[in-house]
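Peer 1: Can you read through this structure? Questions will come right after.
Throughout, read-outs are computed from the coordinates displayed, never taken from laboratory work. Note that the structure is a prediction, hence the values are computed from the model and not measured. Here the Cβ is made from the backbone with ideal geometry for all residues, glycine too, and neighbour counts use every protein chain on show.
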Amino acid sequence: MSDETKPQPLLTAQQIDAMPAYKIRHPFNPNSSVQVKTLSMATGLTRAALSLARVPPGKESFVYHAHARDEEWLYILSGRGQAEIGDDRFEVGPGDFMGFPAPGGPAHHLLNPYDEDLVYLMGGDRSGFDIGIFPRQGKHLIFQGMTIQAVDDAAMTPMSFDQFFVTDEDEG
């Protein structure tokens, strides 16, 4: 690893400005457009995720979702947006913080219907295994390492632990 790619514990504002941004569009939302700079990876953090995100005017972050395992949080730095949290929609702006525990936290989504970029920090766990729940699409995404698998909710078969226990009658 060269000195240029070796993780550094300090990223100056100038270095962050010069970092390339990944352009992300969630495959379940054609209006999704987020530019992301992965700060935690650049500093060598392996258990926590922290990114600087920018959503252009008229675009959306990802898609309405919840997490089964990894917690997530957002802190607005500049611009304005609308946060869908559960069944409610809130206007958000600089200094506003949102936290989504897992499991059981509400589904959420961030939109930018305004005329300036919405800039925020997003972070949370980076466990290497998470399940994204997409209630409006009727899908789950399973994230394991660098692998992502989509599952249609209609194709899932509900089971119970009782199905695994054998009774004397079952043995006969």
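Peer 1: Could you tell me which of rounded, prolate or oblate describes segment 37-134, using a ≥ b ≥ c as the square roots of the eigenvalues of the alpha-carbon gyration tensor, with rounded for a/c under 1.5 and, failing that, prolate when a/b is larger than b/c and oblate otherwise?
Peer 2: oblate
Peer 1: Got the relative contact order for segment 54-172 handy, in percent, Cα pairs under 8 Å and 6 or more residues apart?
Peer 2: Reported as a whole number, the value is 29 percent.
Peer 1: A follow-up question, please. Under a straight-distance cross-link criterion of Cα-Cα below 18 Å, which lysines are reachable from residue 6, leaving out those fewer than 8 residues away in the same chain?
Peer 2: 37
Peer 1: Taking neighbour Cβ counts within 10 Å as the exposure measure, how do 72, 84 sort from fewest upward?
Peer 2: Exposure proxy ranking, most exposed first: 84, 72.
Peer 1: Here's a follow-up. What shape does segment 23-90 take by its C-alpha gyration tensor, where a ≥ b ≥ c are the square roots of the eigenvalues and a/c under 1.5 counts as rounded, a/b above b/c as prolate, and the rest as oblate?
Peer 2: prolate
Peer 1: Where a ≥ b ≥ c are the square roots of the eigenvalues of the C-alpha gyration tensor, would you call segment 126-165 rounded, which needs a/c under 1.5, or, failing that, prolate if a/b is larger than b/c, or oblate? Each step should come with its number before you reach the end.
Peer 2: On the way: a/c = 2.65, a/b = 1.36, b/c = 1.94.
Judged from the Cα gyration tensor, segment 126-165 comes out oblate (a/c at least 1.5, b/c at or above a/b).
Peer 1: Per residue, what volume in Å³ does the Cα convex hull of the chain take up?
Peer 2: Hull volume over Cα atoms, normalised by residue count, gives 159 Å³.
Peer 1: Would you mind ranking 55, 119 so that the residue whose beta carbon has the fewest other beta carbons within 10 Å leads the list?
Peer 2: Least to most surrounded, the residues fall as 119, 55.
Peer 1: In what order do 19, 156 fall by count of nearby beta-carbon atoms within 10 Å, going from fewest to most? All intermediate terms of the calculation are to be shown ahead of the outcome.
Peer 2: Working: 19 13, 156 9.
Ascending Cβ contact count within 10 Å gives the list 156, 19.
Peer 1: In addition: Assuming R0 = 22 Å, what is the FRET efficiency of residue 155 and residue 69, from their Cβ-Cβ distance, to the nearest 0.05?
Peer 2: Numbers: r = 21 Å, r/R0 = 0.95.
Working from the Cβ atoms, E equals 0.55.
Peer 1: Also: Once each part is reduced to its C-alpha centroid, what is the distance from segment 105-172 to segment 46-92 in angstrom?
Peer 2: Centre-to-centre (Cα) distance: 17 Å.
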